[in-house]
Amino acid sequence: MSKNQNKLGNCFLGSTYAFLYLPILILIALSFNNARYSTTWHGFSWQWYSLLFQDTDLWISALHSLVLGVTAGCISTLLGTLAAIALFRFKFQGKSLLQGLIFVLIVIPDIVLGIALLMLFSKIQVPLGFFSLLLAHITFCLPFVIVTIFGRMTHIDKNIFEAAKDLGASEFIIFFKVTIPMLLPAIIAGLLLSFTLSFDDVMISYFVSGPSFEILPLKIFAMAKLGIKPELNALCTIIFLITIVTTFSAQLFLRKNKHA
Amino acid sequence: MKHNNYFKVFTLTSIWAWLSIFVLLSFCMTLIASLLTPNEQTIFSLPFTLSNYTQLFNLIYVKIFLKSLYLALLCTSICLLLGYPFAYFLTKTNEKYREFLLILLIIPFWTSSLIRTYAIIAIIKTKGVLNTLLISLGIIHHPLQLLFTNTAVIIGLVYNLLPFMILPLYANLEKHDQSLIEAAKDLGATKFTIFKRITLPLSMPGIISGAILVILPSMTLFYIPDLLGGAKSLLLGNLIEYQFLTAHNWSQGSATSMLLTLLMGLLLIVYWHSMKKTNTKEFS
Amino acid sequence: MTDYVIELQDINKRFHDQHVLNNINLQIKHGEFLTLLGPSGCGKTTILRMISGFEQPTHGQLLIDGKNANNLIAEARNVHTVFQSFALFPHMTVYENVAFSLRCQKLPETEIKPRVFEALQIVKLADFAQRKPAQLSGGQQQRVAIARAIINRPLVLLLDEPLSSLDYRLRKSMQVELKQLQRKLGITFIFVTHDQEEALSMSDRVVVLHDGQIQQIGKPREVYENPANLTVAKFIGEVNIFPTTVIAYQNNAITVEIEGQVHSYKSKKAYLPEDKVNILLRPEDIRVYDTTEVDDTNDMYPGIIEEVIYKGTTVDLMVKLNSGKVIHAMEFFDEDDDSLVYTLGEKVWIQWIRGWEVILPHEA
């Protein structure tokens, strides 16, 4: 490829990355801006952060989101890991149906899943609150965990399991001493990603949450409808940093020993 | 063998049970609800009716649907026009940095699109960063009214969904066998012919899976028009939200949602068809 | 102790409607190095997987150490496998890999340690105990896989094309090493390969498989020099085949006509006149002479050199006979004779050494 084309390509990549990241960087900068209404720079200030830390309501919803994210992340990772292992190792009836279902669950618009779950919860009388949110979040995290772990498994030599068996390992030992350690990076990545998904979700939570259990994304949505506020800039910055850290470490785990 | 069986039965039962209840059962309920009569007290009741569907042909709904489709197609085209060269150039970058560039691309994929939409407001609002910058540079004299327009909605959608287009495209383009292109060059094909006859047909599954990942959310991410388009812009997602949470007409909302599901089904058929044609695999 | 460590009796295997193995009967002796040789898809790996317990026969009986093992699970068989891909556990060190089966048996670490180091010493890897598999070369990984498989002192070690992922030089040296190792350990090795040279050079006995059937069992030399049928002859080494018809059979000899000349060959097997037979000759059985070298051209065929392939210690010649048939001949370099230079189109005389031919009945 010619040098000119290379330069053109790098320019294009650079400006697209700028398009993707500039708004976020501006938001972060504004969260430190010493002015309530202006978008021009008036000096550095922590005031919006300290204001944020005094808002107990916000603290409660942040705590709610955290608890929900961790619980949903753990359960969906557990269930998703088992499902991925089963899909990889066993032959069973309806396997392609199960794979299809997981695929559809990834592609389906969130809103369709959101209203379907709302309808289900109202009919089987699950009160809208922590429990309904938890069930919904596990459901939409599940396919992502399965795909992440299954993807990792396809890199594993199938003979490894036979070798373990051949050397006298029971299924129990194979599971805990071979399968799980080999999948560990992917499992951790799955956990981090499902936490992130749950922590950020608006679409589905919007339908299945209730007043008894307020969560952060919905609170942000309600606040954002009223326009730009510096406290909200600060809050968004914090959340954004949390998700960047979790996503980044998830990616590092996924890439670790990928070729082993 | 026994351990094996317990493990297998336990695992398969739990995953099947979960997906049957929360996916199959809940979708069946949407389907059934869309066929029931709306009712004030119990939300919906017998008898079965097709009226929820026939009402979708009501002019108001058709207008919303067409507008939503128009915005979605526009957004998808822009994403494709930006995303295709992006993915292509990304495959040409130095391997040393590519891993990092990919992570940079994946991060917006996973971070809150609500927050990123909110960030857009700060930029395009009347006294926002963009207008301030353009005025101080003397390019414009009066602030542009971008916020609460369709343009703002498009910007928001493209901004949020671009990574969804790029990632499958990149995954596809990266797998292309470089020797095919060299062979074509060797046989005397021009750059344009190589692109048209080799790269483009081979990347069709990537294009289609990217399009699916963009079209569906761009019809349904209701908070983007809520925040950027004001009350004027109504996507299919806003309509469903309205029918469910404001009008409490769950049957009608379910019918609208079935329409979306149908659209998804059609797109998937196109996707599978294109996969068969090129014999490649994208997802899972 | 029974006579045979492994016995396969009338083993059949079907996958769906496909016959993968047909009436396999095979007895494997204690301490033997046996090779299953055949092209891919001939069923050799299926036999191996059956012995290791990963496949069950559709029909027939498998005896391990004289006991029916049809329903014995893989873990319970005293048989271990070295996989083609080595299948080392990437997250464990060399030590942990080798110790794996002992730890599965919950042996105390005080007993495990000396045994692991003993096994590692056998494969000359004691210094690498704390490395991860990814930090080892292909040959070293191979040796870890062997150490891991022999630590339990199995009755039989199964090796599934273990050398095919190594490069040529390493493969050669591993062949020698494996053979020495087998002698030292005294364990039965069942080795699967599609490489005939590997099979001939390493094994005590070779089993030639084709289309799920055993074609021949024998010592490497028997299999090469006296192939049981055309399939074996063609699969193992190069061969020239002359199809012809028996003219007469008398005094344990058949008279046949080959390319216009009448020959008579010794044959223990009786034939009737008009029987169709194939006369087989290996390239090294064919002698090629310069036209100036020979006075008596009786028993010889005139030919033209079509191709000369220089191979270092030998030179391969393609000689076209008058009839158009092309004969493959192999000449060894002889220090006393530097006249082994052939040019394309050169006229030569060829002849073969009496008694080295193989006569096989015609196969439909």
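Which of the DSSP-defined H helices in chain A satisfy a minimum axial length of 30 Å, computed from C-alpha atoms, and a minimum mean Kyte-Doolittle hydropathy of 0.0? Let's see the in-between values first.
Working: long enough: A:3-31 (41 Å, 0.78); A:56-89 (49 Å, 1.41); A:130-153 (33 Å, 1.89); A:230-255 (37 Å, 1.37).
Passing helices, by number: A:3-31, A:56-89, A:130-153, A:230-255.
Where the centre of each part is set by its Cα atoms, how far does the stretch C:135-182 sit from the stretch A:73-111, in angstrom?
Value for the Cα centre distance between the two parts: 39 Å.
Positive end of the dipole of chain A, charges at C-beta (+1 Lys, Arg; -1 Asp, Glu), about the Cα centre: which of A:Trp48, A:Leu66, A:Tyr21 has its Cα farthest in that direction?
Toward the positive end, the furthest listed residue is A:Tyr21.
State, in angstrom, two size descriptors of the stretch C:258-364 derived from its alpha carbons: Rg to one decimal place and Dmax to the nearest whole number.
15.2, 46
Among the DSSP beta bridges whose two residues both lie in the protein assembly as shown, what percent are antiparallel, rounded to the nearest 5? Please list the in-between numbers first.
Details: 69 of 87 bridges.
Percentage antiparallel, nearest 5: 80.
Enumerate the calculated ³J(HN,Hα) couplings along the stretch C:59-74 in order (Karplus 6.51 cos²θ - 1.76 cosθ + 1.60, θ = phi - 60°), each rounded to whole Hz, writing x wherever the residue is Gly or Pro.
8, x, 10, 10, 10, 10, 6, x, 10, 4, 10, 3, 9, 7, 6, 3
Quick one: Karplus J couplings for the stretch B:158-164, per residue in order, coefficients 6.51, -1.76, 1.60, θ = phi - 60°, nearest Hz, x for Gly and Pro?
Karplus values, whole Hz, x for Gly and Pro: 4, 4, 6, 9, 3, x, 5.
Can you give me the Cα centroid spacing of the stretch A:168-229 and the stretch B:134-183 in angstrom?
Going from one Cα centre to the other spans 28 Å.
Expressed as an acute angle from 0 to 90° and rounded to the nearest 10, what is the orientation of the C-alpha long axis of helix C:168-185 relative to the principal long axis of chain C?
The angle comes out at about 60 degrees.
Would you list the P(r) distribution for the stretch B:72-145, with all Cα-Cα distances sorted into 10 Å bins from 0 and each bin expressed as a whole %?
P(r) for the stretch B:72-145, in whole percents per bin: 16, 26, 34, 21, 2.
Given contacts defined as C-alpha pairs under 8 Å and at least six residues apart, what's the relative contact order of chain B, whole-number percent?
Numbers: 302 pairs, mean separation 76.1, N = 284.
Over chain B, the number comes to 27 percent.
If you filter the stretch A:147-191 for trypsin sites (Lys or Arg not before Pro), then keep DSSP loop positions with at most 15 other Cβ within 10 Å, what is left? All intermediate terms of the calculation are to be shown ahead of the outcome.
On the way: sites: A:Arg152, A:Lys158, A:Lys165, A:Lys177; in loops: A:Lys158.
Qualifying residues, ordered by number: A:Lys158.
Under a Cβ-only charge scheme (Lys and Arg +1, Asp and Glu -1), can you give me the dipole magnitude of the stretch A:52-259 about the Cα centre, in debye to the nearest 20? Write out the running numbers ahead of the final one.
Details: 14 positive and 11 negative charges, 123 e Å.
Rounded to the nearest 20 debye, it is 580 debye.
Leaving out ligands, DNA and RNA, and with a 1.4 Å probe, what % of the accessible surface on the protein assembly as shown is carbon or sulfur?
Working: 25230 of 42040 Å².
Carbon with sulfur: 60 percent of the solvent-accessible area.
What percent of all Cα-Cα pairs in chain B falls into each 10 Å bin, going from 0 up to the bin containing the maximum distance?
Using 10 Å bins, I get a P(r) of 6, 20, 26, 24, 16, 7, 1, 0 for chain B.
Per residue, how many Å² of accessible area does the stretch A:52-259 show with a 1.4 Å probe?
36
How far is helix C:138-150 tilted off the main Cα axis of chain C, in degrees rounded to 10, range 0 to 90?
Helix C:138-150 sits roughly 60 degrees off the main axis of chain C.
Strictly over 23 Å apart at the Cα level, which of B:Lys92/B:Lys185; C:Lys13/C:Lys44; B:Lys191/B:Lys276; C:Lys13/C:Lys276; A:Lys177/B:Lys8; A:Lys158/C:Lys106 would you flag in this model?
Details: B:Lys92/B:Lys185 17 Å; C:Lys13/C:Lys44 12 Å; B:Lys191/B:Lys276 26 Å; C:Lys13/C:Lys276 34 Å; A:Lys177/B:Lys8 18 Å; A:Lys158/C:Lys106 25 Å.
The answer is B:Lys191/B:Lys276; C:Lys13/C:Lys276; A:Lys158/C:Lys106.
Does any residue of the stretch C:79-111 lose at least 20 Å² of accessible area with all protein chains in place compared with its chain alone, and if so which ones (probe 1.4 Å)?
Buried by the other chains: C:His80, C:Phe83, C:Ser85, C:Ala87, C:Phe89, C:Pro90, C:His91, C:Phe100, C:Ser101, C:Cys104.
Roughly how much accessible area, to the nearest 100 Å², goes out of reach of solvent when A and C pair up, both sides summed, probe 1.4 Å? Don't skip to the end; give the middle numbers.
Values: alone 15700 and 18560 Å², together 32540 Å².
That pair hides around 1700 Å² of surface in total.
Report, in degrees rounded to the nearest 10, the 0 to 90 angle that the Cα long axis of helix C:109-122 makes with the longest principal axis of chain C.
Helix C:109-122 sits at roughly 20 degrees to that axis.
The values are calculated or read from the model by the stated rules, or taken from the named source; none is laboratory data. All of these numbers come straight from a predicted model, not from anything done at the bench. Note that we place each Cβ from the backbone using ideal geometry, even for glycine, and neighbour counts take in every protein chain shown. These area figures cover heavy atoms from the full protein model, side chains too; ligands, DNA and RNA do not enter into them. Shrake-Rupley method; radii C 1.70, N 1.55, O 1.52, S 1.80 Å.
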